[in-house]
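A quick write-up on the structure given underneath.
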Amino acid sequence: DIQMTQSPSTLSASVGDRVTITCRASESIRSWLAWYQQKPGKAPKLLIYKASTLESGVPSRFSGSGSGTDFTLTISSLQPDDFATYHCQQYGSNPYTFGQGTKLEIK
Amino acid sequence: QVTLKESGPALVKPTQTLTLTCTFSGFSLTTDGMRMTWIRQPPGKALEWLARIDWDDDKFYSPSLKTRLTISKDTSKNQVVLRMTNMDPADTATYYCARRKPSARLADYYFDYWGQGILVTVSS
């Protein structure tokens, strides 16, 4: 199985900050990576797929980059609605694995 | 409008079999390329992919749970069913069904619609 490791596990930031979350795959997944946002008690919401393609309706302050084994999710200017947990998911090979999540907290 | 909703028991005893149903609307699982998935999330932990069923009835399972899982579909009812045998307290989790986002590339496999999730607790 491909292991997905996110860092940091928790990130404290303020409204207006630029933040970056990292996801590393244990082997190359080319660009077959998606990012999700999850709020407490809710299902995940698709933000980005193919490493950098923004899902329709997702604000442009979200962006993704990377290929191979190293990927990043960047939020250019944090808004109050962005405080949530973020998950990466690889779909380069079955089984399709997720990272452990990064909780973005208000500083 | 696409909707998905999971249903099933909130509490099961160890060794019992769990049966969960995902009822969906706004699309058809007979459409080429459509795939439905079950994913779970233990409290405070990571998401875990469990199983997938495709429009052509192909089925795939998590290798670590393969012997315990069965996924099936009833296209006339717009439902996907997951059965998990020999439940254990470690299986306590919120179980989600999700739809693969349609894509021209069949190998693409990420999820654009999710159900609200159902918390299943395994306890005697």
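A compact table of results
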item: Verdict on B:THR85 being within 17 Å of B:ALA51 (Cα to Cα), within 13 Å of another protein chain (Cβ to nearest Cβ) and of a type in the set (Val, Ile, Thr); result: no
item: Whichever residue in segment B:35-62 is more than 12 Å from every other protein chain (Cβ to nearest Cβ) and under 24 Å from A:GLN38 (Cβ atoms) and, among such residues, is nearest to the chain's Cα centre (by Cα); result: B:MET36
item: Every residue from segment B:27-67 that is without any contact (Cβ under 8 Å) to a residue 60 or more places away in the chain and on the phi > 0 side of the Ramachandran plot; result: B:GLY44, B:ASP57
item: Which listed residue is touching a strand residue (DSSP E or B) at 6+ places or on another chain (Cβ under 7 Å) and surrounded by fewer than 17 Cβ atoms within 10 Å (Cβ to Cβ), from A:THR97, A:THR74, A:THR53; result: A:THR74
item: Segment A:62-107, residues that are more than 14 Å from chain B (Cβ to nearest Cβ) and over 13 Å from the mean Cα position of the chain (by Cα); result: A:SER67, A:GLY68, A:THR69, A:SER76, A:SER77, A:LEU78, A:GLN79, A:PRO80, A:ASP81, A:GLU105, A:ILE106, A:LYS107
item: Unmet requirement for A:TYR91, which otherwise passes all of (1) modelled with pLDDT of 95 or more; (2) more than 19 Å from B:TRP114 (Cα to Cα); result: (2)
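Residues checked against (1) among the β-branched types (Val, Ile, Thr); (2) more than 20 Å from B:TYR109 (Cβ to Cβ); (3) outside any strand (DSSP E or B):
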position	(1), (2), (3)
B:PRO9	no, yes, yes
B:PRO14	no, yes, yes
B:THR19	yes, yes, no
B:CYS22	no, no, no
B:PHE27	no, no, yes
B:THR31	yes, no, yes
B:TRP38	no, no, no
B:GLY44	no, yes, yes
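Yes/no per residue for (1) over 28 Å from B:SER28 (Cβ atoms); (2) of a type in the set (Asp, Glu); (3) at pLDDT 95 or above:
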site: B:LEU65; (1), (2), (3): no, no, yes
site: B:SER72; (1), (2), (3): no, no, yes
site: B:ALA90; (1), (2), (3): yes, no, yes
site: B:PRO102; (1), (2), (3): no, no, no
site: B:ALA107; (1), (2), (3): no, no, no
site: B:ASP112; (1), (2), (3): no, yes, yes
site: B:GLY115; (1), (2), (3): no, no, yes
site: B:ILE118; (1), (2), (3): no, no, yes
site: B:SER123; (1), (2), (3): yes, no, yes
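The values are calculated or read from the model by the stated rules, or taken from the named source; none is laboratory data. Small disclaimer: the values here were computed from a predicted structure and weren't measured. Every residue, glycine as well, gets a Cβ built from its backbone with ideal geometry; the counts of neighbours run over all protein chains shown.
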